[in-house]
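Chemist: The structure is given below, and queries will be raised subsequently.
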Protein chains: 2
Amino acid sequence: MTTRDKLVQAAATLLDRGGEQAVTLRAVGHAAGLSHNAPYKHFRNRDALLAAVAAADLESLTCTFADIRSSTQSPKDELLAALGSLVTFSRERPARYRLVFSAPTLAQADPDLQAQSAACLGEIMAMVEDCKKAGELPDAPTKSLASLFLATIHGLVTMEANGMLQREKGLPTVEENLEMMASLLSG
Amino acid sequence: MTTRDKLVQAAATLLDRGGEQAVTLRAVGHAAGLSHNAPYKHFRNRDALLAAVAAADLESLTCTFADIRSSTQSPKDELLAALGSLVTFSRERPARYRLVFSAPTLAQADPDLQAQSAACLGEIMAMVEDCKKAGELPDAPTKSLASLFLATIHGLVTMEANGMLQREKGLPTVEENLEMMASLLSG
DNA sequence: ACCTGAACACCGTTCAAGT
DNA sequence: ACCTGAACACCGTTCAAGT
């Protein structure tokens, strides 16, 4: 494990434990057993380190999607499983989820990150394509359906994280919303 | 205009000009013609000031929605106009949009903000209700449809801000996605 | 090539006064 | 009640050395 990887790992752990504000370069360096500015030998600045964490998480998500796609479930179940893994990720690692899907400044500045998120969306598109072939989704453009699915998931988990989807308010959960969308699309 | 309002206004302007990182209490105080810690006489800390900006924007959005709802358009056009105003807000004032719809730490900590966002969602629900009565939306629970619409809009504008929806990639725009969703729901 | 320690400018926050 | 100025601890970043 290279020093660079150790720094990325340390930053990810700090994100999980204390959110983005806990990721100071001093804390990252210390957690990796190095000095407070060792990170500068591997990353241009703090944003570049955060972008590296996001890129690693995106790559991992893309792999998860690829695994799901090579399973034996029906295309629609595979798609739902992939979207479900995004929901899980946002709940278990909210700070890292935000970095990946809701950090415009980071995403705009880092072409590598853009490429990784395009690859991730690509996996979703492949699943949508399979669903359409199996007649499990309406015959709309694949890219449109895929981006709509991803957007809906992202919007729902963000609203959940913001406390806008709460049982006491009679609002449906993320899962219930997804089911409804699926049934509306089926006809 | 009270001093408190001046501080909120100054923070909002700084958000528009330089994003969240530009909102230092020193800059806010200075922009309001006060010292660097005058904000502390009106807000518990920086987060409380940002929450006040978000609450003001939410209230303004809710008013806009109420205006649209009292127009003479068809219910469906009113709903689309309301969602469109959210898209416009996110494009013209991205930092403030993020504060309102994508700042979990802020939202969780401030009950006032929670109440304002519930009121805003309430307006959307009323429009959905009108659409259902006019037969312009399927007969699903109002709360489900409303949260699904809001989530979809939020997801789409976030993806756009992140650079994930780009013409060159053959991906549909926010508007195209909305049209598709509307047509899928209609039939 | 990779790392450290000192240093700088900046920021959130607190505190003791001022009117 | 509202404001100011000094002060503190902390942080991102830079720089001059060290191996």
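The values are calculated or read from the model by the stated rules, or taken from the named source; none is laboratory data. Computed from a predicted model, the values in this text were never measured in an experiment. Note that each Cβ is placed from the backbone with ideal geometry, even for glycine, and that neighbours are counted across all protein chains shown.
Chemist: Looking at region A:14-24, can you tell me whether even one residue there is within 13 Å of DNA strand C (Cβ to nearest atom) and closer than 25 Å to B:A103 by Cβ?
Modeler: There is at least one residue in region A:14-24 that is within 13 Å of DNA strand C (Cβ to nearest atom) and closer than 25 Å to B:A103 by Cβ.
Chemist: Next up: Starting from region A:162-185, take each residue that is surrounded by 15 or more Cβ atoms within 10 Å (Cβ to Cβ) and list its partners that are of a type in the set (F, W, Y), counting only C-beta distances under 9 angstrom and pairs at least six apart or across chains.
Modeler: A:N162/B:F101; A:M164/B:F101; A:M181/A:F149
Chemist: Something else about it: Can you name every residue in region B:139-149 that is at the interface with another protein chain (Cβ under 7 Å from one of its Cβ atoms), in a helix (DSSP H, G or I) and surrounded by fewer than 24 Cβ atoms within 10 Å (Cβ to Cβ)? So that I can check it myself, show each step before the final result.
Modeler: We begin by selecting, within region B:139-149, every residue at the interface with another protein chain (Cβ under 7 Å from one of its Cβ atoms); these are B:140, B:143-144, B:147-148.
Next, only the ones that are in a helix (DSSP H, G or I) stay: B:143-144, B:147-148.
B:K143, B:S144 - these are the residues of region B:139-149 that are at the interface with another protein chain (Cβ under 7 Å from one of its Cβ atoms), in a helix (DSSP H, G or I) and surrounded by fewer than 24 Cβ atoms within 10 Å (Cβ to Cβ).
Chemist: Across region A:166-181, what is the number of residues that are at pLDDT 85 or above and in a helix (DSSP H, G or I)?
Modeler: Here the count works out to 8.
Chemist: Same structure again: Does B:R26 count as among the basic types (K, R), closer than 27 Å to A:E160 by Cβ and assigned to a helix (DSSP H, G or I)?
Modeler: Criteria not met by B:R26.
Chemist: Kindly indicate whether any position in region A:29-39 is of a type in the set (A, V, I, L, M, F, W, C) and under 30 Å from A:G163 (Cα atoms).
Modeler: no
Chemist: Filter region B:160-175 down to residues that are more than 7 Å from chain A (Cβ to nearest Cβ) and not basic (K, R), then give me how many there are.
Modeler: 6
Chemist: Return only the number of the condition from (1) surrounded by 16 or more Cβ atoms within 10 Å (Cβ to Cβ); (2) in a loop (DSSP other than H, G, I, E, B) that A:K132 does not satisfy.
Modeler: For A:K132, the exception is condition (2).
Chemist: Let me ask something else. Could you please tell me which pairs satisfy a Cβ distance under 6 Å, a separation of 6+ or placement on different chains, a first residue in region A:12-34 that is at positive phi, and a second residue that is outside any loop (DSSP other than H, G, I, E, B)?
Modeler: A:G19/A:A95
Chemist: Give the residues of region A:69-83 that are part of a helix (DSSP H, G or I) and touching a residue at least 24 places away in the same chain (Cβ under 8 Å), sorted by residue number.
Modeler: Within region A:69-83, A:R69, A:P75, A:K76, A:E78, A:L79, A:L80, A:A82, A:L83 qualify.
Chemist: Next question, about the same structure. For region B:77-100, check the following and say yes or no: at least one residue is within 16 Å of DNA strand C (Cβ to nearest atom), surrounded by 16 or more Cβ atoms within 10 Å (Cβ to Cβ) and either within 14 Å of chain A (Cβ to nearest Cβ) or over 19 Å from A:T158 (Cα atoms) (or both).
Modeler: Yes, region B:77-100 has at least one match.
Chemist: Working only within region A:37-59, note down all residues that are surrounded by 14 or more Cβ atoms within 10 Å (Cβ to Cβ) and more than 9 Å from DNA strand D (Cβ to nearest atom).
Modeler: Within region A:37-59, A:A38, A:H42, A:L50, A:A51, A:A52, A:V53, A:A54, A:A55, A:A56, A:D57, A:L58 qualify.
Chemist: Scan region B:98-113 and give yes if some residue there is charged (D, E, K, R), within 28 Å of A:A95 (Cβ to Cβ) and not in a loop (DSSP other than H, G, I, E, B), otherwise no. Reasoning before the result, please.
Modeler: Restricting attention to region B:98-113, the residues satisfying the condition of being charged (D, E, K, R) are B:98, B:110, B:112.
The next check asks that each one be within 28 Å of A:A95 (Cβ to Cβ); those that pass are B:98, B:110, B:112.
Next, only the ones that are not in a loop (DSSP other than H, G, I, E, B) stay: B:98, B:112.
Yes, region B:98-113 contains at least one residue that is charged (D, E, K, R), within 28 Å of A:A95 (Cβ to Cβ) and not in a loop (DSSP other than H, G, I, E, B).
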